Amino acid sequence: MQKVFVYGTLLPGEANHHIVVPYLLDARPGAVRGSLYDYGPYPGLVLDGEGLVAGAWLTVQDEALAPMDELEGYYGPGQDNEYDRVLVTDAFDPELSGWVYVWNDSLGCPRIPDGSWRNHVRRKGWARE
C-alpha cells in the first residue's frame, strides 16, 4: 500500500483519475505546503512552503505507482524527470505522509493563488475531459 497526495488531474472526478481507479483503496481530502502553478492542461506543485495546496490523499496498491510515474514523466531518481516523486507530509496532519509529484521551480508559469486546481479550473470555465 502507498499513500500519494494528488492535486490536479489525478483528483477524483478529474481527467486522469481513471489511471488510479483500478488501484484505489481510499481517498481523503488533504493539503500540503507549497505553491501551485498553471501549466495549461495541468498544474505543477513546488514545495516552497509559501502557501497551501489543496488536494487528496489516495491510498493505492503498490502497482499504482508505475502508471502514475508514466503519466507524470517520472523515470527515477537523478533522471531527466518532468516531475520528481518525493515524500511529503500533510500540512495539518503530521501522521499523514506519502508520495507527491513535484516540480523544482515554477517553470515561469503563473501561480494559482488559492492553491486549488479545482477552483482554478472552475474559474477558467475549462471543461473536464
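A few remarks follow.
- Computed over the chain, the per-residue total of -39500 (n - 2.57) for DSSP H runs of n ≥ 4 gives a 222 nm mean residue ellipticity of -3500 deg cm²/dmol, rounded to 500.
- Computed label-point distance, nm, for sites residue 21 and residue 122 using a 7 Å Cα→Cβ extension: 2.2 nm
- Whole-Hz couplings from phi, Karplus 6.51/-1.76/1.60, listed for segment 63-80; x for Gly and Pro: 5, 5, 4, 4, x, 5, 4, 4, 4, 7, x, 9, 10, x, x, x, 8, 7
- Highest-MSF residue in the chain out of 85, 118, 28 [GNM, Cα springs under 10 Å]: 28
- Taking all Cα pairs closer than 8 Å and separated by 6 or more residues, the relative contact order of segment 30-105 comes to 31 percent.
- Across the chain, the mean sequence separation of Cα contacts (distance under 8 Å, 6 or more residues apart), normalised by length, yields a relative contact order of 32 percent.
- P(r) for segment 17-79, from all Cα pairs and a bin width of 5 Å, is 4, 14, 18, 23, 26, 13, 1 %, short bins first.
- From the coordinates shown, percent of Cα pairs over 23 Å apart corresponds to which of (1) 35; (2) 25; (3) 47: (2)
- Candidates 116, 35, 106, ranked by Gaussian network fluctuation over the chain, Cα under 10 Å, top entry: 106
- Neighbour-limited loop hits for chymotrypsin sites (Phe, Trp or Tyr not before Pro), segment 87-125 (at most 13 other Cβ within 10 Å; DSSP other than H, G, I, E, B): 92
- For segment 93-110, backbone phi angles converted through the Karplus equation (6.51, -1.76, 1.60; θ = phi - 60°) give residue-by-residue couplings of 10, x, 7, 9, 8, x, 7, 8, 9, 9, 9, 7, 8, 6, 6, x, 7, x Hz, Gly and Pro being listed as x.
- Maximal additional length on extending the residue 96-residue 109 stretch stands at 1.8 nm, based on 0.36 nm per residue less the C-alpha distance.
- Rolling a 1.4 Å probe over the heavy atoms of the protein chains gives the chain an accessible area of 53 Å² per residue.
- Difference of contour (0.36 nm per residue) and Cα-Cα distance, residue 70 to residue 82: 3.3 nm
The values are calculated or read from the model by the stated rules, or taken from the named source; none is laboratory data. The model shown is predicted, which means the values in this text are computed figures rather than measured ones. Note that each Cβ is placed from the backbone with ideal geometry, even for glycine, and that neighbours are counted across all protein chains shown. Note: accessible area is taken over every heavy atom of the protein model, side chains too, but ligands, DNA and RNA are not part of it. Shrake-Rupley method; radii C 1.70, N 1.55, O 1.52, S 1.80 Å.
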